[in-house]
Amino acid sequence: MKVTLCYCLMDNHYHLLVETPDGNLSEGMKHLNAVYTQRFNKRHGLVGHLFQGRYKSILVQKESYLLALCRYIVLNPVRAGVSKAPWKWSSYPALAGKDECRGGLCREWVLSQFGADEKEAERRYEEYVREGMACNGTTAFPVKGAVLGDNEYRREIERQLQDVPIDRDVPIGQKTMARPLLGEIFGNTKDRRERNRLVYEASRISNS
């Protein structure tokens, strides 16, 4: 992994937004979760697994959705009803200039979206997040499979994945990110013969 752009720690899970130009997310997450589990267990006198199941990941179109996703993540406590505002267990205080930067957080990209002056960028970032609170932190994202982006971006990802061999250890959501949704296959067809053909096509795609 290269840089951490945003994070939020919740009671039983966490959200992490990272940039991974080298495609080593799996190795990075394995290291992060393993080290944290070891230190947590040592501190509390525990043994065994700490996290339930494998992490889930989404590929994000940077130019169109990354900034909005940064806001969405720090507003998780607001949406969950556990806080009335972003809290200290997230990247919000550091990005808003209210606390020191910790844990490898990279402020440069997020703040650069709000201007060149650091203090003014912090103020505008805080204002941007609070605007999101006006709608209780809700934002509609066009997530299809494991991809967050517009149709052109998704088609490009599909093209890149066509000849990539599937790793058995890769989560099912990532294996199927290039597959069309059932709604895209079936559309509004009402013809029985055409529907049967599309059922076969959906089955073929799902088993490929």
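The values are calculated or read from the model by the stated rules, or taken from the named source; none is laboratory data. If you're wondering where the values come from, they're calculated on a predicted model, not measured in any experiment. Please note: Cβ atoms are built from the backbone with ideal geometry, for glycine as well, and neighbour counts cover all protein chains shown.
Before moving on, here are some points about what is shown:
- Within the range 52-64, one or more residues are surrounded by 12 or more Cβ atoms within 10 Å (Cβ to Cβ) and in a helix (DSSP H, G or I).
- Within the range 11-49, restricting attention to residues that are free of Cβ contacts under 8 Å to residues at least 40 places away in the same chain and hydroxyl-bearing (Ser, Thr, Tyr), the residue that is surrounded by the most Cβ atoms within 10 Å (Cβ to Cβ) is Tyr14.
- Taking the criterion of being exposed (fewer than 14 other Cβ atoms within 10 Å of the Cβ), within 24 Å of Leu9 (Cβ to Cβ) and among the charged types (D, E, K, R), the residues of the range 93-138 that qualify are Lys98, Asp99, Glu100, Arg102, Glu108, Glu127, Glu131.
- Residue count for the range 14-46, restricted to those that are part of a loop (DSSP other than H, G, I, E, B) and modelled with pLDDT under 90: 5
- Breaking point among (1) at pLDDT 95 or above; (2) closer than 20 Å to Lys62 by Cα, for Ala94: (2)
- With respect to the stated conditions, Glu122 is over 19 Å from the mean Cα position of the chain (by Cα) and touching a residue at least 24 places away in the same chain (Cβ under 8 Å).
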